[in-house]
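Data first, discussion second: the structure below is written as structure tokens.
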């Protein structure tokens with residue numbers, strides 16, 4: 001998510017208890033608190049929009065046959081529900 005997208009969400013009042021943002025999770029922790037000269041969005045505005053957001057990340061599957069803590073291997077977990 002870019003800073004300017006968050007700024008536009010703030011300007012359009014697309015934040016608060018009735019809004020939840022889902023963000024693809026390749027961003028570093030607290031990325032929105034780091035200074036960025038490409039936007040006029042403040043940290044406070046970023047925090048207002050992103051309060052309660054969810055971050056998603058891709059699951060990296062280990063394709064070897066070593067059992068995990070669940071005693072399953074990744075290939076088995078692909079087929080079990």
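Each value in this text was obtained by applying a stated rule to the coordinates, not by laboratory testing. Keep in mind it's a predicted model, so treat the numbers as computed, not measured. Neighbour counts run over all protein chains shown; Cβ positions are idealised from the backbone, glycine included.
What ranking do 36, 29, 64 get, fewest neighbouring Cβ atoms within 10 angstrom at the top? Spell out each step's value before the answer.
Numbers: 36 13, 29 6, 64 9.
In increasing order of surrounding Cβ atoms, one gets 29, 64, 36.
With each label point set 7 Å from Cα along the Cα-Cβ vector, what nm distance links residue 42 and residue 19?
1.7 nm
Relative contact order (percent) for the chain, with alpha-carbon contacts under 8 angstrom and 6 or more residues of separation?
Reported as a whole number, the value is 34 percent.
Using the 10 angstrom Cβ neighbour count as an exposure proxy, how do 60, 46 rank, fewest first?
60, 46
Which distance in nm do the two modelled labels at residue 70 and residue 12 give, with both placed 7 Å along the Cα-to-Cβ direction?
If labels sit at residue 70 and residue 12, their model points lie 3.6 nm apart.
Taking the Cβ of each residue in 26, 31, 21 as the centre, tally the other Cβ atoms inside 10 Å and list the residues starting with the fewest.
Least crowded to most crowded, the residues run 26, 31, 21.
Using a Förster distance of 22 angstrom, determine the FRET efficiency expected from the C-beta separation of residue 61 and residue 27, and round it to 0.05. Don't skip to the answer; put the middle values down first.
Values: r = 22 Å, r/R0 = 1.00.
My answer for the efficiency is 0.50.
Springs between alpha-carbon pairs under 10 angstrom, Gaussian network model over the chain: which of 49, 59, 20 fluctuates most?
Ranking 49, 59, 20 by mean-square fluctuation puts 59 first.
Quick one: plug the Kirkwood hydrodynamic radius of the chain (C-alpha pairs) into Stokes-Einstein at 20 °C, 1.002 mPa s, and report D in µm²/s.
Numbers: Rh = 15.2 Å.
Rounded, D is 141 µm²/s.
Given the DSSP H assignment, sum -39500 (n - 2.57) over each helix run of at least 4 residues in the chain and divide by its residue total; what's the result at 222 nm in deg cm²/dmol, nearest 500? Walk me through the numbers before you get to the answer.
Working: 3 runs with 23 residues, N = 81.
It lands at -7500 deg cm²/dmol.
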